[in-house]
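In what follows, a structure is listed as structure tokens, so that the remarks can point back to it.
The values are calculated or read from the model by the stated rules, or taken from the named source; none is laboratory data. This one's a predicted model, so the numbers in the text were calculated from it and none came from an experiment. Neighbour counts are summed over all protein chains in view; Cβ atoms, including those assigned to glycine, are modelled from backbone coordinates with ideal geometry.
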Amino acid sequence: MVTEIDAPGSDDRLVVSGAAKSYGRPGAQRPALADVDFSMNRGQFVSIIGPSGCGKSTLLRLMAGLEHPDTGSVSIFGSTPAEASAAKMIGFMPQVPALLPWLSVLENVRIPLKVNRRADARRRELPGHRPPGTADPVALLTELGLADSVRALPHQLSGGMQQRVAIARAFATQADVLLMDEPFSALDEFTREATQDQLLKLWQKLVTTVVFVTHSVSEAVVLSDTVVVMSPRPGRIAAVVPIDVPRPRRHGLVEAKVLHDYQDLIRSKLQSAGVSSS
Ligand SMILES: Nc1ncnc2c1ncn2[C@@H]1O[C@H](COP(=O)(O)OP(=O)(O)OP(=O)(O)O)[C@@H](O)[C@H]1O
């Protein structure tokens, strides 16, 4: 059964159906993911939360086409992850910013724009794609508060600033879906909250679909339309929690209380799934 995260729509959904994945040599394989089903609509911000080792990154890699499920399938708006990846429909943001140290901030953001024409042509041929396009790197960096740092080298920036450069780079190609693997886990709380706000502003402005892996219950609640709770290894979808709170979510005591209630709900779902603490 596919867990619907929102109302169904034709090719405008990202769908994972019955995906299972094991690692290890034949005869000694250990399952990492078992029978994962869900679907989400274009433009949603969905977070995946679960205990360490439950397969969150594996699931993201299946969506990115970096690995293949042993059984089941993944559809990115009607295309396979391999097709979507070749057509640059997918942006991937890892835990570490992975900036090229010899290039300036601006040059780092421009890297994915040196996309060959073949990728643009492929994107036009696929169903459910956005028209190939780019966001202006300087405008993105300005939006992220880095207008004065465009000529700086990565080592001259703080960790939070480097992560913002990586966000700008991820948004630069206007990918249809951004897959983000714990991008803020190394940031201090203050920087993390500021960076979350900036990510949300760009997400709303550029109308991108985001799948965001995190260990943080509060981060998942404040960012997401829907939080997907995974059980311990082998990972399954234990619960899908829509966060029905208007945006922006940071202001006002009433909203803060609602957000805390959602955090409690997700913690209880994690406990029911067999996670001892979060
Ligand atoms: N390439 C691999 N080879 C062998 N085992 C792997 C490989 N990749 C992941 N695993 C195992 O699969 C399981 C799921 O890993 P994964 O990194 O997806 O979990 P995770 O939920 O993202 O963990 P964390 O929250 O700690 O980052 C883990 O037990 C991990 O050791």
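Couple of notes before you dig in:
- Subset of region 214-251 [farther than 26 Å from residue 69 by Cβ and within 13 Å of the ligand (Cβ to nearest atom)]: 216
- In summary, residue 211 fulfils each of the numbered conditions (1) farther than 30 Å from residue 275 by Cα; (2) modelled with pLDDT of 95 or more with the single exception of condition (1).
- Selected residue (only one of 75, 85, 52 is within 16 Å of the ligand (Cβ to nearest atom) and either under 18 Å from residue 214 (Cβ atoms) or small (Gly, Ala, Ser) (or both)): 52
- The one condition in (1) free of Cβ contacts under 8 Å to residues at least 12 places away in the same chain; (2) assigned to a loop (DSSP other than H, G, I, E, B); (3) of a type outside the set (D, E, K, R) that residue 248 fails to fulfil: (1)
- Considering (1) outside any loop (DSSP other than H, G, I, E, B); (2) modelled with pLDDT under 90; (3) of a type in the set (Val, Ile, Thr), the lone condition that residue 2 does not fulfil carries the number (1).
- Pairs meeting the criteria (first residue in region 27-54 and closer than 18 Å to residue 238 by Cα, second residue more than 13 Å from the ligand (Cβ to nearest atom) and basic (Lys, Arg), beta carbons under 7 Å, at least 6 apart or on different chains) are 39/13; 40/13.
- Take the conditions (1) surrounded by fewer than 19 Cβ atoms within 10 Å (Cβ to Cβ); (2) among the charged types (D, E, K, R); (3) closer than 28 Å to residue 12 by Cβ; (4) in contact (Cβ under 8 Å) with a residue 60 or more places away in the chain; residue 233 misses just one of them, which is (3).
- Close contacts from region 87-105, counting a first residue that is basic (Lys, Arg) and a second that is part of a loop (DSSP other than H, G, I, E, B), with Cβ to Cβ under 8 Å and a gap of 6+ residues or different chains, come to 88/115; 88/132; 88/173; 88/175.
- When residues in region 150-198 are screened for being farther than 23 Å from residue 247 by Cα, among the hydroxyl-bearing types (Ser, Thr, Tyr) and touching a Gly at 6+ places or on another chain (Cβ under 7 Å), 1 of them pass.
- Residue-level analysis places residue 126 outside the set of residues that are at pLDDT 90 or above and buried (at least 19 other Cβ atoms within 10 Å of the Cβ).
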